[in-house]
Every structure is written in structure tokens, then in C-alpha cells.
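Scroll down for the structure; my scribbles are underneath it.
The values are calculated or read from the model by the stated rules, or taken from the named source; none is laboratory data. None of these values were measured; they are calculated from a predicted model. FYI the Cβ positions are ideal-geometry reconstructions off the backbone, even for glycines, and counts take in every protein chain you see. For the accessible areas, the whole protein counts, side chains as well, though only heavy atoms, and no ligand, DNA or RNA atoms are used. Shrake-Rupley method; radii C 1.70, N 1.55, O 1.52, S 1.80 Å.
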Amino acid sequence: MNMKKLITVMSMMLWASVVIAGPTIQQWSTTKGSKVLFVASPEIPMLDVRVVFAAGSARDAQQPGVAQLTSALLMSGAGNWNADQIASRLENIGAVVSTGADRDMATLSLRSLTDADQLKIALETASVILSKPTFPIADVERDKNRLLLGIKAKQQSPGDIAADAFYAAIYGTHAYASPEEGVAESVQKLKAKDLQAFHQQYYVAKNALVVLVGDVSRAQAEAIAEQLTQGLATGTKAAALPTVANKVANLEKRIAMPTAQTHILLGQAIVARNDPDYFALYVGNHILGGSGFASRLMQSIREDRGLAYSVYSYFAPMAVAGPFTAGMQTRNDQAEAAIALMREQIKKFVEQGPTEKELEKSIQNITSGFALRIDSNKERIGYLAMMGFYDVPLDYLNTFNEKIRAVTVTDIRDAFTRRVHPEQLALVIVGGAVTKPANK
């Protein structure tokens, strides 16, 4: 996971921790079977829409990169419009459409004013982009080259190399193991027909979730959801991903690079989004490595020993076991000492759990300031998309603080003991001091 995504994940987790009163969420299905979540937000005359498909890189199968490339090229041509015409239509009405894909999902996001004429054009454009992408051959080749340049650039980044090696280590042959953007050998072979085939399989109504937040009525929201999904083939919902074997037998991967800093990742595949241990793991990790300077890892590794500038840990819940990751960058000559101390702190926390004082402070920190984080449609739609995609209960936002406050020291100790296994954590080291010590 690169730094941008790390910041996003940690921001999402922080945001989730401070919501005080969730919006009223309405749910239904379109006539073609797409799930819809809607929140009326009449404060400003805007509408945010996100259409989500189970079409992330975990669906790449034997073509790593096809999910990313399909998502990236949706707006290169659709229906009778080329990329310039699509851009012009949106620019003229002040609307914004973007696409993206991660390991689990692919998304199209639309933001538009709710003025009838402007919204009509925005929705018509988004609907055609979703249902009738043309994947022009010249654009496919251009974006393939762009993707290949990105993959090549990653090979110069120790942080990116560490992240890819980490996912490969903890996921083995599972679909989560490959980089989201694919690998060069596969991307080079992708053709427009491959993107068309991927689109036809996964960008279908029964594999779609539509989320709307904005200044429209329920009746308008129903009509918009129908419009956005009407052009899609009915299709079938993507199959559930296979489970993850979370034991990596203390795997260790060392990659030499001429860097001044050594990048270190330590972890294991552990937690799905709907995991019953999630709240205990989340609060526990807040104490261990998720609360910045207040965390144990930061205190012991940076403040007490000066072994790293930044150090952190987090759980990233996904459709199936997402990773627990502890990471840091440190001076090459300090890497082994820093790793040993990180392992020691994790093992100690798993065995002993937090103190009552640490838990009390953590809960206060998580739940305070809560109302400030749900004050924009952009934030709301991101969380609704997560909730809808992972089938999280619709009272998630309203009950988050209650569930955080219910977590006890015993809960944390029990969850960490059963789920986090210090002797089985995968270790990835990338940098200038990667020779295994003689005494190991």
C-alpha cells in the first residue's frame, strides 16, 4: 500500500471513529436488481452519486491489470462520444465524473448540481459511460503505456516495492496478492476485447450498488437509480472471493536497494469488514499503533529509542481477510534493532492487552469530536458505498460510538490472542541493510 492509500485508509478509520449521528439511510433495489442506498441532503443543491461494482483487481484472474485498465478507460469513449466530447459535456454543466478501482471494487462517482437541465445531462452522460464504453484501441494502447510506466516507476520506490512484496507474502496465491495495477507481463498483453469482456461480466446490474446523497426526493432518487442501471445487462452478482489462509509461517522477504532508509512491513491477513472482532481489534490497534504519538509503537520505537521517524499499525478490513500491517522506515544501521522492538511490542500487546487507563483514553480519543466528520456529502457517500458494498448494517454510523464504548480490555486481549499471531507475521524489508544477521 502506497503512502496515499495508507493515509486514505487511516483517515477512513479515523473518520469512522468520530461519527456521532449517522444520516437516515433508505434502501431498495432497482427493477434490474441493483442495490440502492439513498440519503436525502437538502442543505445544498447538489447530488453525489457513486455506482460500485464488485470489479476490483481481485477479479483479474489470469489477466492482472484488466480491472484497473477497464476502470481507467470507461471515460475514453462511450456511446457516440469520444473522450473530448464526454469532458466537454461535463465541463459545460460543472459536473464531475471520476472512476477508480481497488482490490475489491470498481467505482464511478458523479457530482452534479441538481438544477434539472444540468442534472439531466450529467446523468445521461454517466449512464452511457457505465453501459456503453467503447474502449477505443488507440486509447487502450495509450493507457496501457501509461500503466506500464507507472509499474516501472514503482520499481524505483522502496515503499511501493515493500507494499507489493508484503501483499504477495501474506496472500500467496490468493487474488489479493497481485498489485492492483497488475504486472507488466500481463498488462502488455491486454487488448480492447479483454476490457470489453471484463466489462460485460462485471459491470452488470446485479453486480452493482448505487449510492445517492444529495438534494433530491426519494422519488427522484428511485428514477435516477433506474436510469443509471437501465442500460446495464442484468448479469449476475460476482462470486464470493475465496477465504484467505492467514498463516504465513514467519515468512521473511529481504530486498536490497541503495537507500538511506530501510522500509519495513510486518503483518498478516486477518480481518474482513463484517468480522465480529472488528471493534475490539480496531480499538486495540488504536492503542498499539493507530493513534500516532499516543500509540505504544510510536512511544517505544521513536520516542524512547529514536529508531524511526514514523511508525504505525492498522487493520484494513476487506471483503475477505484484509491485512493487519505494522510499518516504519528507519536508518539502515538501525533496522534490525527496530524490527526486534516492533516484534517485542506486538507480542507484548497480544499477550497482555492494554491497561484500563489506555483503553479509557483511547475510547475518549476515538469518540470525541465525532460530529465534525460527517458534514459533507462527499464524506457521507464514501461511507455509504463501503456499507452497501460490504453489507454492513445500516445502523453502523449511528451505533459506532456505542460499540466502541462497549469494548473492554478483556475483549481486546481475547481478540488479539485469537487473531494476531506474532510468530506467524510476514516480514518485508526493503532498503540498504537487508543482509540477514549472522546470529539469526
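Return the residues of segment 11-50 that are modelled with pLDDT of 95 or more, open to solvent by 50 Å² or more (accessible area, probe 1.4 Å) and of a type in the set (D, E, K, R); say none if nothing qualifies.
Arg50, the sole residue that qualifies.
Filter segment 184-210 down to residues that are surrounded by 22 or more Cβ atoms within 10 Å (Cβ to Cβ) and small (Gly, Ala, Ser) and give me whichever is farthest from the chain's Cα centre (by Cα).
Ala205
Identify, please: which residue in segment 288-320 is open to solvent by 40 Å² or more (accessible area, probe 1.4 Å) and part of a loop (DSSP other than H, G, I, E, B) and is, among those, modelled with the highest pLDDT?
Taking the candidates together, the pick is Ala319.
How many residues are buried (at least 20 other Cβ atoms within 10 Å of the Cβ) and either modelled with pLDDT under 95 or assigned to a helix (DSSP H, G or I) (or both) if we restrict to segment 126-142?
Of the residues in that region, 5 qualify.
Of the residues Thr114, Thr125, Thr134, Thr107, only one is closer than 30 Å to Tyr171 by Cα and β-branched (Val, Ile, Thr); which?
Sole residue among the options that is closer than 30 Å to Tyr171 by Cα and β-branched (Val, Ile, Thr): Thr107.
Just the residues that are touching a Phe, Trp or Tyr at 6+ places or on another chain (Cβ under 9 Å), within 16 Å of Lys378 (Cα to Cα) and either charged (D, E, K, R) or assigned to a helix (DSSP H, G or I) (or both), please, taken from segment 74-125.
Those that are touching a Phe, Trp or Tyr at 6+ places or on another chain (Cβ under 9 Å), within 16 Å of Lys378 (Cα to Cα) and either charged (D, E, K, R) or assigned to a helix (DSSP H, G or I) (or both): none in segment 74-125.
Restricting to segment 337-367, count the residues that are open to solvent by 40 Å² or more (accessible area, probe 1.4 Å) and either of a type in the set (Lys, Arg) or at pLDDT below 95 (or both). Let's see the steps before the verdict.
Of the residues in segment 337-367, the ones open to solvent by 40 Å² or more (accessible area, probe 1.4 Å) are 337, 340, 343-344, 347-348, 351-352, 355-358, 360-361, 364-365.
Narrowing the set further to residues that are either of a type in the set (Lys, Arg) or at pLDDT below 95 (or both) leaves 343, 347-348, 357, 361, 364-365.
Residues meeting the conditions: 7.
Just checking, does segment 157-171 include any residue being aliphatic (A, V, I, L, M), over 22 Å from the mean Cα position of the chain (by Cα), more than 22 Å from Ser29 (Cβ to Cβ) and open to solvent by 10 Å² or more (accessible area, probe 1.4 Å)? Talk me through it step by step, then tell me what you get.
At the first step, the residues of segment 157-171 found to be aliphatic (A, V, I, L, M) are 161-163, 165, 168-170.
Filter again for over 22 Å from the mean Cα position of the chain (by Cα), leaving none.
No; the residues of segment 157-171 include none that is aliphatic (A, V, I, L, M), over 22 Å from the mean Cα position of the chain (by Cα), more than 22 Å from Ser29 (Cβ to Cβ) and open to solvent by 10 Å² or more (accessible area, probe 1.4 Å).
Being among the polar types (S, T, N, Q) and either under 21 Å from Met387 (Cβ atoms) or touching a Lys or Arg at 6+ places or on another chain (Cβ under 7 Å) (or both) is the filter here; which residues of segment 212-229 pass it? First the steps, then the outcome.
Restricting attention to segment 212-229, the residues satisfying the condition of being among the polar types (S, T, N, Q) are 217, 220, 227, 229.
Within segment 212-229, just Thr229 meets the criteria.
Kindly evaluate Pro258 against the criterion of being of a type outside the set (Phe, Trp, Tyr), over 18 Å from the mean Cα position of the chain (by Cα) and over 19 Å from Asp160 (Cβ atoms). Walk me through it before giving the result.
Working: of a type outside the set (Phe, Trp, Tyr): yes; over 18 Å from the mean Cα position of the chain (by Cα): yes; over 19 Å from Asp160 (Cβ atoms): no.
For Pro258, the condition - of a type outside the set (Phe, Trp, Tyr), over 18 Å from the mean Cα position of the chain (by Cα) and over 19 Å from Asp160 (Cβ atoms) - is not met.
I'm trying to understand the selection: among the residues of segment 44-64, which are in a loop (DSSP other than H, G, I, E, B) and either among the aromatic types (Phe, Trp, Tyr) or under 17 Å from the mean Cα position of the chain (by Cα) (or both)?
From segment 44-64, those in a loop (DSSP other than H, G, I, E, B) are 44-45, 54-56, 60-64; that's our starting set.
The answer is Ala54, Ala55, Gly56, Asp60.
Those residues that are modelled with pLDDT of 90 or more and open to solvent by 10 Å² or more (accessible area, probe 1.4 Å), I need them from segment 368-382; list them, please.
At the first step, the residues of segment 368-382 found to be modelled with pLDDT of 90 or more are 381-382.
Within segment 368-382, just Gly382 meets the criteria.
If you check Asn285, Asn332, which single one turns out to be surrounded by 22 or more Cβ atoms within 10 Å (Cβ to Cβ) and of a type in the set (S, T, N, Q)? Give the derivation first.
Working: Asn332 fails: surrounded by 22 or more Cβ atoms within 10 Å (Cβ to Cβ).
One residue alone meets the criteria, Asn285.
I need a count of the residues in segment 169-193 that are in a helix (DSSP H, G or I) and touching a residue at least 24 places away in the same chain (Cβ under 8 Å).
Let us first name the residues in segment 169-193 that are in a helix (DSSP H, G or I), namely 169-171, 175-177, 184-187, 192-193.
Those left that are additionally touching a residue at least 24 places away in the same chain (Cβ under 8 Å): 169-171, 175-176, 184, 186-187, 192.
Number of matching residues: 9.
Would you confirm whether or not segment 53-70 contains a residue that is exposed (fewer than 15 other Cβ atoms within 10 Å of the Cβ) and over 30 Å from Pro42 (Cβ atoms)?
If we filter segment 53-70 for residues that are exposed (fewer than 15 other Cβ atoms within 10 Å of the Cβ), which is where we start, we get 61-62.
Remaining after also requiring over 30 Å from Pro42 (Cβ atoms): 61-62.
Scanning segment 53-70 turns up at least one residue that is exposed (fewer than 15 other Cβ atoms within 10 Å of the Cβ) and over 30 Å from Pro42 (Cβ atoms).
Is at least one residue of segment 425-436 in a helix (DSSP H, G or I), open to solvent by less than 10 Å² (accessible area, probe 1.4 Å), farther than 27 Å from Val320 by Cα and at pLDDT below 95?
First pass over segment 425-436, keeping only residues in a helix (DSSP H, G or I): none.
The answer is no; no qualifying residue exists.
Output the number of the condition that Phe400 fails; it satisfies all remaining conditions of (1) part of a helix (DSSP H, G or I); (2) in contact with a helix residue (DSSP H, G or I) (Cβ under 8 Å, 6 or more places away or on another chain); (3) within 16 Å of Phe315 (Cβ to Cβ); (4) at pLDDT 95 or above.
Failing condition for Phe400: (4).
From the list Ala340, Ala415, which residue is under 24 Å from Gln268 (Cα atoms) and free of Cβ contacts under 8 Å to residues at least 12 places away in the same chain?
On the way: Ala415 fails: free of Cβ contacts under 8 Å to residues at least 12 places away in the same chain.
So the residue among Ala340, Ala415 that is under 24 Å from Gln268 (Cα atoms) and free of Cβ contacts under 8 Å to residues at least 12 places away in the same chain is Ala340.
If you go through segment 165-182 one residue at a time, how many are out of contact with any helix residue (DSSP H, G or I) (no Cβ under 7 Å at 6 or more places or on another chain) and at negative phi?
So in segment 165-182, the residues out of contact with any helix residue (DSSP H, G or I) (no Cβ under 7 Å at 6 or more places or on another chain) come out as 165-166, 169-170, 172-174.
Filter once more, so that each one left must be at negative phi: 165-166, 169-170, 173-174.
Result for segment 165-182: 6.
Of all residues in segment 211-241, which are over 26 Å from Gln196 (Cβ atoms), touching a residue at least 60 places away in the same chain (Cβ under 8 Å) and open to solvent by 40 Å² or more (accessible area, probe 1.4 Å)?
Result: Asp215, Ser217, Arg218, Glu222.
Return yes when Ile412 is farther than 26 Å from Gln156 by Cα and either modelled with pLDDT of 95 or more or open to solvent by 20 Å² or more (accessible area, probe 1.4 Å) (or both) and no when it is not.
Details: farther than 26 Å from Gln156 by Cα: yes; either modelled with pLDDT of 95 or more or open to solvent by 20 Å² or more (accessible area, probe 1.4 Å) (or both): yes.
Yes; evaluated as a whole, the condition is true for this residue.
In segment 338-353, which residues are within 13 Å of Ala308 (Cβ to Cβ) and of a type in the set (D, E, K, R)?
Pass one, segment 338-353, residues within 13 Å of Ala308 (Cβ to Cβ): 338-342, 345.
Passing the criteria: none in range.
Which count do you get for residues in segment 150-167 that are without any contact (Cβ under 8 Å) to a residue 60 or more places away in the chain and assigned to a helix (DSSP H, G or I)?
Here the count works out to 6.
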